[in-house]
1. Just give me the residues in the range 199-216 being surrounded by fewer than 18 Cβ atoms within 10 Å (Cβ to Cβ) and touching a strand residue (DSSP E or B) at 6+ places or on another chain (Cβ under 9 Å), in sequence order.
2. Need at least 1 residues that are over 30 Å from Val6 (Cα atoms) and charged (D, E, K, R) per element, so show me which strands (runs of 3 or more DSSP E) inside the range 200-301 make the cut, counting only ones lying wholly within it.
3. Collect the residues in the range 273-283 that are out of contact with any helix residue (DSSP H, G or I) (no Cβ under 7 Å at 6 or more places or on another chain), at pLDDT below 95 and not acidic (Asp, Glu), keeping them in residue-number order.
Amino acid sequence: MKRFKVAVVGLRFGQFLVRALAHLEGAQLVALADRSPKIVEGLDTYAARYGAKAYRSSDDMFANEALDAVAIATAPRARAAIIEQAAARGIAMFVEKPWATNPSHAAQLAAICQRHDATVMLGFSFRFHPVIARLRKLLDGELGEGWMLNGEYVFDYLPPEDGWFWDPANGNGMFNENSCHLFDAVCYLMGKPVSVTAEAARFVGRPSEEAAAISLKFESGGIAALTVGGYGANAHWDYPRIDITTRHGQARLRGRHHMWDSLAWAKRSEDTVSAYTQPAEILGTTRYTHAFTHFFERLRTGEQPSATIEDGMLSVAIADAVAKSARSGVKVSLDLD
């Protein structure tokens, strides 16, 4: 089996990607890059732990390494130049969410990739967890399409108010930077959304809304109600969750600390519940392992990976619509064509 030579750029959150790649048989970590003074101080030691070379800039890394792929985990504002560098060299990209700061920025990054016919996968890890993949097959089979969905992604996470997370020109707040994981999973299960209605709250004084109750309508006629935000209690690790009613039955997805781990389902015509459970984050398997496995499988076959640029743009559009609806009090249509 070919081992793809991989680099990671941006090591604050990128450390989680490094951990997944280090245990993946098809990947060889050859380079790690970050320019943050706090990270640069210990970068050589950190990189050596994984048998990789440390770089203080992506410019130097791309100039000196023969890479098959790069995982980009920088804040959104810093990505355009890195994506341009990788795309121009024909290097496949795994880009951590969110795809961009806002819809305009999302289109700008997409244009760079289109110009170079780049291979790009978005780091939406949820849809690749085995229990969600199993549910997707059930929706295509015995359960039928989704009619109603209720989802929640609420946990104890509110970054400092002066961080890039809240900056409108960078992370652009809770819904764009974080809730996008749930947005992608829901659209993966329910299809194309056509409108968004939302109410949002800001109870602890962060620069923008910290939580929201969201309604989505889908092209299929399906509907969803989502609760997202950072007000959870640290002791409660049983998140995220999804309950979905379908044409022929019902299913319940449950997670534990950002990783989906159990699925239960039943058809209306039956009196028994079927169940499927996946292992927790142990033995080198992280919330990103299944996504990276898919990424490298697609590189071997020459196919574009699932979780596309279009999926990234969709999550940015939903986040933007949530904020607009919450602030205006009206339903926002999603013009995605």
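The values are calculated or read from the model by the stated rules, or taken from the named source; none is laboratory data. If you're wondering where the values come from, they're calculated on a predicted model, not measured in any experiment. All Cβ positions, even for glycine, are placed from backbone atoms using ideal geometry, and neighbour counts span all protein chains on display.
1. Glu199, Ala201, Arg202, Phe203, Ala213, Ser215
2. So the answer is 211-218, 241-246, 249-256, 259-267.
3. Once the filter is applied, which keeps residues that are out of contact with any helix residue (DSSP H, G or I) (no Cβ under 7 Å at 6 or more places or on another chain), at pLDDT below 95 and not acidic (Asp, Glu), the range 273-283 yields Thr277, Pro279, Ala280, Ile282, Leu283.
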